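The values are calculated or read from the model by the stated rules, or taken from the named source; none is laboratory data. For clarity, every value in this text was computed on a predicted model and none was experimentally measured. A quick note on method: Cβ atoms are made from the backbone with ideal geometry, for glycine too, and the neighbour counts reach across all protein chains shown. Heads up: the accessible areas ignore ligands, DNA and RNA and are worked out on the full protein's heavy atoms, side chains in. Shrake-Rupley method; radii C 1.70, N 1.55, O 1.52, S 1.80 Å.
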Amino acid sequence: VEIRGEAYFEVESDKEHPFYVNTPGGLSVRVTGTKFNVSAYKEDLQKSVVLVEGSVEVGPDNNKYKLIPKEGFFYAKNSSVVKKVDTYAYTCWKDGIMQIQNEPLEHIFTRLEKYYGVKIIFDSSVSKKKYIGNLNLYDSISEVLHNLSHSTPFTFEYNKETNVVKVYQKKKRYSK
């Protein structure tokens with residue numbers, strides 16, 4: 001399978017017939033039975049494979065790493081790293097949840113753009129605030145942004161025809 005974007009796989013064990021996942025940029029995953037997530041968006045500099053259970057061999061060309069459960073492989077151009085991860089943070093999207101772990105709003109907007117297939121244009125004055133928590137991705141993009149706006153003073157306009165969301169900082173009201 002070749003993937004551009006993000007996918008979660010559950011593959012039956014079959015050592016005689018391994019399953020392969022390839023991404024643009026030369027990242028290859030050899031699977032013999034496992035649960036794992038692959039994130040390989042074209043516009044992202046870093047690609048990742050996160051192993052939930054089982055075993056995979058992953059890497060570019062002949063430089064393969066064997067992951068164990070709760071490890072992630074992170075690859076960018078000519079550098080790669082394997083590290084322990086909270087797998088749910090990488091796979092919860094498939095359950096309609098976005099888990100946020102001290103991320104700036106601009107990163108959250110990027111993730112929302114991918115999930116909802118919209119373009120979010122925002123003012124840098126609202127983009128640096130950091131969040132912790134979960135978002136319900138079964139809600140509409142408007143509902144998700146409305147919920148986020150309770151923590152940061154911003155407002156937004158969503159044009160469904162163009163699929164563009166414009167986010168603005170709320171103006172402070174002064175009373176006499």
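Computed values, structure above
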item: Phi-based couplings in Hz for segment 94-101 (Karplus 6.51, -1.76, 1.60; Gly and Pro marked x); result: 6, 9, x, 10, 10, 8, 10, 10
item: Percent of alpha-carbon pairs separated by more than 23 Å within segment 85-176; result: 23
item: Within a Gaussian network of the chain (alpha carbon springs, distance under 10 Å), most fluctuating of GLU71, GLU106, GLU16; result: GLU16
item: Accessible solvent surface per residue of segment 16-116, calculated while the other protein chains remain in place, 1.4 angstrom probe, Å²; result: 51
item: For the chain, convex hull volume per residue from C-alpha positions, Å³; result: 131
item: Relative contact order (%) - criterion: Cα under 8 Å, at least six apart; region: segment 1-121; result: 17
item: Sparse-neighbour loop sites [chymotrypsin sites (Phe, Trp or Tyr not before Pro); segment 121-159; at most 16 other C-beta within 10 Å; DSSP]; result: TYR138
item: Isotropic mean projected area of the C-alpha convex hull, segment 94-146 (nm²); result: 3.5
item: Coordinate range along principal axes, alpha carbons of segment 10-91, Å, largest first; result: 32, 26, 19
item: Mean separation of Cα contacts under 8 Å, 6 or more apart, over the residue count of segment 106-176: relative contact order %; result: 35
item: Segment 87-93 - phi-based ³J(HN,Hα) in whole Hz, Karplus 6.51/-1.76/1.60, Gly and Pro as x; result: 4, 4, 4, 9, 10, 5, 4
item: Across LYS47/LYS170; LYS47/LYS128; LYS77/LYS129, pairs whose alpha-carbon gap is larger than 31 Å; result: LYS47/LYS170
item: Translational diffusion of segment 38-127, µm² s⁻¹ [Kirkwood Rh, Cα pairs; Stokes-Einstein; 37 °C; 0.692 mPa s]; result: 224
item: Relative contact order for segment 45-85, counting Cα pairs under 8 Å that sit 6 or more residues apart, in percent; result: 40
item: Rounded to the nearest 10 Å², the accessible area of GLU57 at probe 1.4 Å; result: 70
